[in-house]
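Down below is the structure, laid out as structure tokens.
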Amino acid sequence: MRTRMIVAGLMLALAPASQLSAQESVVSYKAMSPEVALELALAALKSCRDGGYQVAVAVVDRFGVTQVMLRDRFAGPHTPPTAAGKAWTAVSFRTDTSDLVTATQPGSPQAGLRSLPGAVILGGGIQVQAGGTTLGAVGVSGAPGGEADDACAKAGIEAVRDKLEF
């Protein structure tokens, strides 16, 4: 009897899903190729080097999964996970991390975001967008301050902008 009730419940729960049209049941999205993600990361790294900074650069896809991680020779051991965390945070919240620094100050309604596991609320995480679509994010860590990290990340995005537009 209990098995019948479970089966009946599952059938009711799945019934609306089975009524989806083929168009509604398949999702498509745009993504950066590994080559473009690598080129973006290399350009961001070069921008920071040109400024005299040793950094780590991470590029994540639209789901926050790391596609590329680069660490310059003398960048600190904390910089790779911090760069990846900044990129993950930017793509997860669909907001550049410098904007989150301001929006999540203590006492603000969004202050709790700072306590979420994996969230890195420091400047240096920038969304990669093209054609109104989020393709991923880049995170930079190791330059002296979030503004410098942001500048390197933006330079990386600009270096591949023509390859992102569709």
Problem - Value in Å of the Kirkwood radius, where the chain supplies the Cα pairs that are averaged - result: 17.2 Å
Problem - Computed label-point distance, nm, for sites LEU38 and SER108 using a 7 Å Cα→Cβ extension - result: 3.8 nm
Practice task
Count the lysine pairs in the chain whose Cα atoms lie under 16 Å apart, taking only pairs 8 or more positions apart in sequence or on different chains.
Solution key: 4
Handout entry: Size of region 84-144 as Cα extents on the principal axes (Å, biggest first)
Key = 35, 27, 19
Handout entry: In degrees, nearest ten, helix 79-93 long axis to first principal axis of the chain (Cα)
Key = 50 degrees
Completion exercise
Taking the dipole of the chain about the Cα centre (Lys, Arg +1; Asp, Glu -1; charges at Cβ), the one of ALA130, ALA84, LEU116 that reaches farthest to the positive side is LEU116
Exercise for the section: In whole Å, largest first, what are the principal axis extents of the Cα atoms in region 49-128? Expected result: 40, 25, 20
Problem - Selection from VAL160, LEU70, SER47, by position along the positive dipole direction of the chain (Cβ) - result: LEU70
Exercise for the section: With only Lys, Arg, Asp and Glu charged, each at its Cβ (+1 for the first two, -1 for the last two), find how big the charge dipole of the chain is about the Cα centre; round to the nearest 20 debye. Expected result: 620 debye
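Efficiency by 1/(1 + (r/R0)^6): what FRET value for ARG73 and VAL27, r their Cβ-Cβ distance, R0 = 41 Å, to the nearest 0.05? Present the calculation step by step, with values, prior to reporting the outcome.
On the way: r = 41 Å, r/R0 = 1.00.
Between ARG73 and VAL27 the formula returns 0.50.
Each value in this text was obtained by applying a stated rule to the coordinates, not by laboratory testing. Note that the structure is predicted; figures quoted are calculated from it, not measured. Methodologically, a virtual Cβ is constructed for each residue, glycine included, from the backbone with ideal geometry; neighbour enumeration extends over all protein chains shown.
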